[in-house]
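The structure appears below as C-alpha cells.
The values are calculated or read from the model by the stated rules, or taken from the named source; none is laboratory data. Keep in mind that what you see is a predicted model, and the values were worked out from it rather than measured. Here Cβ is always computed from backbone atoms with ideal geometry, including for glycine, and neighbour counts include all displayed protein chains.
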C-alpha cells in the first residue's frame, strides 16, 4: 500500500477542561496532580487530512515555589481521517494519534487568588501513529448465562489493514486559568496549548523527488526494477 503524507507536520492546538488536584489543601503544598480532557484542532497542512479530535492529559510534579511548578506531562490526542485522506488509502476508516511525555514547567501568577492565571511550556518525546481499518466479520462465542449455554455468532469488527508510527522530539506551550473550588483543595481549570512534533517531512520529500528523478533518467526499457525500488523507498520514507 502506498502511504500518502497524511501527517506531514504535527501542529496541534488542544483545549482541556477538568480538574487540578492539590495533594495538600494549601497552595504551598509540596506536590500537585491534575488531569483534563478536551478537543484538539489540527493546524497547518495536517488540517486537510484530520478532523477535529479529542485529547486527555495528566500532569503532576513538584511545587518548587507557590509560583513555579516542575511538572511531568502526558497528553494523548486522536483524530479521525477526513474523507479525502481515506480516499487516498482507498479504505473506509482510519485515525491518527499523537501522545507526548514532556517536562513541562508551569508559572503561576496568582497562586493564592480564587482565580489563578498560568503559563506553561514543555519539551520531550512525541509519538505519532496512523491506523487504517476496514469493517470485517469475525466469529465470536456468545454465552447466555440465564439459560446456561454458549454458541458461536458473527460480529462486525474493525480489521487493521495498515499501521505506521514514529518517535520524535517535540514541544508545547500554552496557558490557562484555574478556579478554586472552596477549601477542598480542588481547582477546575480551562487550558489551551499548542503542540508541535519535529519532523523532517520537507527534506525527506525533496530527497525523494530527487531520488525518483535520477531513477527515471537511469531506467532501462523493459525493466521494472527501478519503479519497484522507488515505491519501496517512498513507503519507507513517508511512514516515518
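Some points to look at:
- Whether a residue is surrounded by 13 or more Cβ atoms within 10 Å (Cβ to Cβ), within 30 Å of residue 185 (Cβ to Cβ) and in contact (Cβ under 8 Å) with a residue 40 or more places away in the chain was assessed, and residue 124 passes this test.
- Verdict on residue 215 being more than 20 Å from the chain's Cα centre (by Cα) and at pLDDT below 85: yes
- No other residue among 169, 148, 121 is at pLDDT 90 or above and either over 14 Å from the mean Cα position of the chain (by Cα) or outside the structural domain of residue 103 (by TED's automatic domain parsing) (or both) apart from 121.
- Of all the criteria given as (1) over 28 Å from residue 157 (Cβ atoms); (2) at pLDDT below 90, the one not satisfied by residue 85 is (1).
- Some residue of the stretch 155-164 being more than 20 Å from the chain's Cα centre (by Cα), farther than 30 Å from residue 109 by Cα and outside any strand (DSSP E or B): no
- Elements of type strands (runs of 3 or more DSSP E) in the stretch 1-80, at least 3 residues being over 21 Å from residue 123 (Cα atoms) and at pLDDT below 85: 10-22
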